[in-house]
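The values are calculated or read from the model by the stated rules, or taken from the named source; none is laboratory data. These figures come from a predicted structure and were not determined experimentally. With ideal geometry, Cβ positions are generated from the backbone for all residues, glycine too; neighbour counts draw on all protein chains shown. SASA here: full protein model, heavy atoms, side chains in, ligands and nucleic acids out. Shrake-Rupley method; radii C 1.70, N 1.55, O 1.52, S 1.80 Å.
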Protein chains: 2
Amino acid sequence: MSYLDHIRACNAHDLSGFRPFELEGHRLGWVRHALAEQLPDIDPGFVVTTDRVTLAPEVRDFETRSSVMAHAAQFLVETGAVSALRGEFYPVMPAWGAEPLMRIDRAVVAQFGTPAYGLHVNGFVRQPDGGLSLWIGRRARDREVAPGKLDNMIAGGQPIGLTLAENLVKEAQEEAGIDAALASRAIPVGAVTYRMETEAGLKQDTLFLYDLELDADFVPQNTDGEVERFELWPLDRVAESVRTTKDWKFNVNLVVIDFMVRHGWLTPDEPDYLEIVTGLRR
Amino acid sequence: MSYLDHIRACNAHDLSGFRPFELEGHRLGWVRHALAEQLPDIDPGFVVTTDRVTLAPEVRDFETRSSVMAHAAQFLVETGAVSALRGEFYPVMPAWGAEPLMRIDRAVVAQFGTPAYGLHVNGFVRQPDGGLSLWIGRRARDREVAPGKLDNMIAGGQPIGLTLAENLVKEAQEEAGIDAALASRAIPVGAVTYRMETEAGLKQDTLFLYDLELDADFVPQNTDGEVERFELWPLDRVAESVRTTKDWKFNVNLVVIDFMVRHGWLTPDEPDYLEIVTGLRR
């Protein structure tokens, strides 16, 4: 592995296997051809041509559209393509910040290739010598996604109906036992984006990034069972682990690499520096 | 103006007006069609087709190639397209960090559209309340590029034969009277890239970015006449000025916007946040 390998893995995709999912002139996502051809039988609200997937003109409001998507989600569970729905809904928007056109169960977002958003918080401690250490979580072994992998101190998908700030407070409490006062000290520092083909479909993800500096005596406490344990690692160890292993949740590699770039640990002396810096945001 | 307007201005270009400049299978740059068609008359080392500009097979080493480029540079001065050569040379490389294939006078880089590299240092002061202030330079009125515009505390092109670290020390001394010990505390924090069409041609620039935290009593001193005076501005004033004026050197807007993103001044509440974050690196 190398830093760049992780970035490339998160951006490997071949759009020729998909057709665009469009609504009202906006491209909302991408659907695999095989699923696209099944959709009109699942719900007559889907209109599918060889060029694209869209919704029938009479499917025109948020609830009706969401209901058509729910039928597709149910179908994907019944055929075993998805093991279970999450009951957590993501907004489907023409762009971040725009009015959602409909909601979609988080479990089937990749099948429709609609952009998903999340937030990741780097919990870090400044050592007396100026070096940085990062709090990392070992994900519980019973997680469906990336069981046992290393994760950020706080990370979560961005569901419909919450602002980023509200979600940050909620996830900070659930994942690390951090109260709202401390969570509010997290500083937004940018975003990482990637577009990755998986067995499920196309993941088009944007992760809003935050840095939260913590006192040396602070210890995060997981409350929702998502994390098995937390450890505080010096950045050298983090870097070596990211560079040489697949121990980290696939997209967390990118968040940690971005942290190392912003804090001067990864420098222009790294031969892949520019490819790394530009590869983290597309 | 808006933040995004500055980013768009630095990325406005139409490649249909150019043809690629290639060597040994690498695309080195882009040349306007009109100049491309003149090149074989300027030096027989240029081989030009409707598809591309390249160099003749017998022009095969660094010095010979550089000499062909020097003839073109001289021609551009004689025709008035360039007012004067700089006598400062940029490397022409297949990629950053690769062995230079030739050198080119800085004054004609845009005419050949070869990527140029530079470094910009944000000199900043942390205020007692946690807010940040940025040292900015007012460029001298006699500068050929962006006279009188606002600039970073330290900024400079990356000439052939110097490492970034060496150039940082040199520019820190010349532009801000900062010694090597203090300059070495600058932290690399990423890069900004843009591709901009100008009257001269195509600017494909990569700026390596550094943050240098300074004590409250430090005052930069220009030694090379490039800066008329320095001022310490709170980030609020910097932001307002970038957002609403064209007072800043065109590419410095991008450096300052990146600084505001990384330090949490510009947040995801900004409607253009994602376009800004992804637009700064391409």
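A few notes on this one:
- First in the stretch A:91-115 and within 13 Å of another protein chain (Cβ to nearest Cβ), second anywhere and open to solvent by 10 Å² or more (accessible area, probe 1.4 Å) and not in a strand (DSSP E or B), Cβ under 6 Å, 6 or more apart: A:Met93/A:Pro100; A:Trp96/B:Leu274; A:Gly97/B:Pro271
- Checked against (1) polar (S, T, N, Q); (2) crowded, with 18+ Cβ neighbours inside 10 Å; (3) at pLDDT below 95, A:Ser83 meets all criteria but (2).
- Among the residues of the stretch A:168-181, those that are in a helix (DSSP H, G or I), open to solvent by less than 30 Å² (accessible area, probe 1.4 Å) and away from chain B (no Cβ under 11 Å) comprise A:Glu171, A:Ala172, A:Glu175, A:Ala176.
- Residue check for A:Pro220: open to solvent by less than 10 Å² (accessible area, probe 1.4 Å), away from chain B (no Cβ under 12 Å) and of a type outside the set (Gly, Ala, Ser): yes
- The numbered conditions (1) closer than 28 Å to B:Glu231 by Cβ; (2) open to solvent by less than 50 Å² (accessible area, probe 1.4 Å); (3) away from chain A (no Cβ under 14 Å); (4) in contact with a Phe, Trp or Tyr (Cβ under 9 Å, 6 or more places away or on another chain) are all true for B:His120 except (3).
- Residue within the stretch A:201-215 that is within 13 Å of chain B (Cβ to nearest Cβ) and either at positive phi or part of a loop (DSSP other than H, G, I, E, B) (or both) present: no
- Subset of the stretch B:33-51 [open to solvent by less than 70 Å² (accessible area, probe 1.4 Å) and not in a helix (DSSP H, G or I)]: B:Asp43, B:Gly45, B:Phe46, B:Val47, B:Val48, B:Thr49
- For the stretch A:106-130, a residue qualifies if it is of a type in the set (Val, Ile, Thr) and assigned to a strand (DSSP E or B), and the qualifying residues are A:Val121, A:Val125.
Conditions (1) without any contact (Cβ under 8 Å) to a residue 40 or more places away in the chain; (2) under 21 Å from the mean Cα position of the chain (by Cα); (3) farther than 16 Å from A:Gln204 by Cβ, marked per residue:
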residue	(1), (2), (3)
A:Gly17	no, no, no
A:Leu55	yes, no, yes
A:Ala72	no, no, yes
A:Phe75	yes, no, yes
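- Restricting attention to the stretch A:225-282 and to residues that are closer than 26 Å to A:Glu175 by Cβ, out of contact with any strand residue (DSSP E or B) (no Cβ under 8 Å at 6 or more places or on another chain) and open to solvent by 10 Å² or more (accessible area, probe 1.4 Å), the residue that is farthest from the other protein chains (Cβ to nearest Cβ) turns out to be A:Gly225.
- Within the stretch B:1-32, the set of residues being assigned to a loop (DSSP other than H, G, I, E, B) and either among the polar types (S, T, N, Q) or open to solvent by less than 10 Å² (accessible area, probe 1.4 Å) (or both) comprises B:Ser2, B:Cys10, B:Asn11.
- Listing of strands (runs of 3 or more DSSP E) fully contained in the stretch B:52-105 that carry 1 or more residues being under 15 Å from B:Ile42 (Cβ atoms): B:53-55, B:102-105
- The stretch B:136-159 residues that are closer than 23 Å to B:Leu235 by Cα and open to solvent by 50 Å² or more (accessible area, probe 1.4 Å), paired with ones that are aliphatic (A, V, I, L, M) and at pLDDT 95 or above (beta carbon under 8 Å, 6 or more apart): B:Arg138/B:Leu150; B:Lys149/B:Val252
- Here B:Thr193 qualifies as within 14 Å of another protein chain (Cβ to nearest Cβ), in a strand (DSSP E or B), at pLDDT 95 or above and surrounded by fewer than 22 Cβ atoms within 10 Å (Cβ to Cβ).
- Number of the condition not met by B:Pro159 [criteria: (1) assigned to a loop (DSSP other than H, G, I, E, B); (2) closer than 24 Å to B:Leu39 by Cβ; (3) at pLDDT 95 or above; (4) not aliphatic (A, V, I, L, M)]: (2)
- Residues located in the stretch A:33-59, provided they are closer than 15 Å to A:Phe75 by Cα and in contact with a Phe, Trp or Tyr (Cβ under 7 Å, 6 or more places away or on another chain): A:Leu39, A:Pro40, A:Ile42
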